[in-house]
Amino acid sequence: MSFPTAAELADFPGLIPWLAESAWKADFAPIALARDYESRVASIVLKEDGPDIDDYDDKCKLLIDAQVKASAPRPYRTRLYFFPNYNSQTRTMGVRMETECSCFQSIGCQHAVAVLENLTAISSITASDPRPRVNTALAAWLGEIRKAGSPKPAAQKSVSTYNKFLAYCIEPHPNTYLVAEERLDFIMRVGNHNKTGFSIEANIASADPSRPTKYMVSEDIPICSSYLQRKRNHNEWGGASLLEGGGWDDILIPALATGRLFFGNRESRNRASILSAQRTEGPPIPVEPSWELLASG
């Protein structure tokens, strides 16, 4: 892990006051600010010259090149480009910033927010501060210990008065009979509250986090974003994804926490609903993985 010091940040005029005022938060959407990715930042490197700056904009005076861990196998590369911005009214030197990330959102993402949160924490330790400097990674680790030891407030679920809801469904793959082993699909559908409980519609839900529908609540946004990102990473199209491979933890675990994860099957092609059973979290089951060659080779 590599992080800059407050003294190194102070070399760029106006950067530390700009971080202290949290003025950068105005450049990000509420969804990006809500994600807690601060502890996922693996490294932050400062660059004042070089081809990375020249290829982007020769007026850039500081490049912050960071690595942020995520659900993908490799960490995302997040870059912050800083430009001097003179304020003629206050006669002070300010800062203008542009972001770039290797994630699917590219600009203005939660990974850039995580880097800025780390920089703000570092900048709070000024050169005149007599307290000993603490490694950022160590401080984050100690913060996690304090958080784990403190009493946790009761979780508050997002409440919607709308009678429809987003249902996360696990269903047998329609072409299972063509292969020797049973395969499962992950599909988002629309659920309906009714007098007898609920029902799941057969139609695929429109779960676009950039244009949320009435049946989506706040806790659905990060789940749908992770699902959309996974589909793009695996070049998947259509409403269903084969439930295999890695990268499902960021989708299935929060989906289970919503209480809207279902397992079921369409009884027939003519039915307008899915026969589903609600899933809840159970005790962990030990798994011993092994390999077996199918008859088909």
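The values are calculated or read from the model by the stated rules, or taken from the named source; none is laboratory data. This one's a predicted model, so the numbers in the text were calculated from it and none came from an experiment. Reconstructed Cβ throughout: ideal geometry from the backbone, glycine too, with neighbour counts over all protein chains shown.
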Residue list for the stretch 166-190, filter: within 17 Å of Ile251 (Cβ to Cβ) and either modelled with pLDDT under 70 or hydrophobic (A, V, I, L, M, F, W, C) (or both): Leu166, Ala167, Cys169, Ile170, Leu184, Phe186, Ile187, Met188
Wholly enclosed helices (runs of 4 or more DSSP H) of the stretch 1-115 bearing at least 2 residues closer than 20 Å to Asp250 by Cα and outside the structural domain of Gln229 (by TED's automatic domain parsing): 30-34
Of residues in the stretch 106-123 being over 15 Å from Ile64 (Cβ atoms) and in contact (Cβ under 8 Å) with a residue 40 or more places away in the chain, the one surrounded by the fewest Cβ atoms within 10 Å (Cβ to Cβ): Gly108
Residues of the stretch 180-225 classified as of a type in the set (S, T, N, Q) and touching a Ser or Thr at 6+ places or on another chain (Cβ under 7 Å), total: 5
Tally of residues being closer than 18 Å to Ala70 by Cβ and without any contact (Cβ under 8 Å) to a residue 24 or more places away in the chain across the stretch 237-247: 1
Odd one out for His193 among (1) modelled with pLDDT under 85; (2) in contact with a Leu (Cβ under 9 Å, 6 or more places away or on another chain): (2)
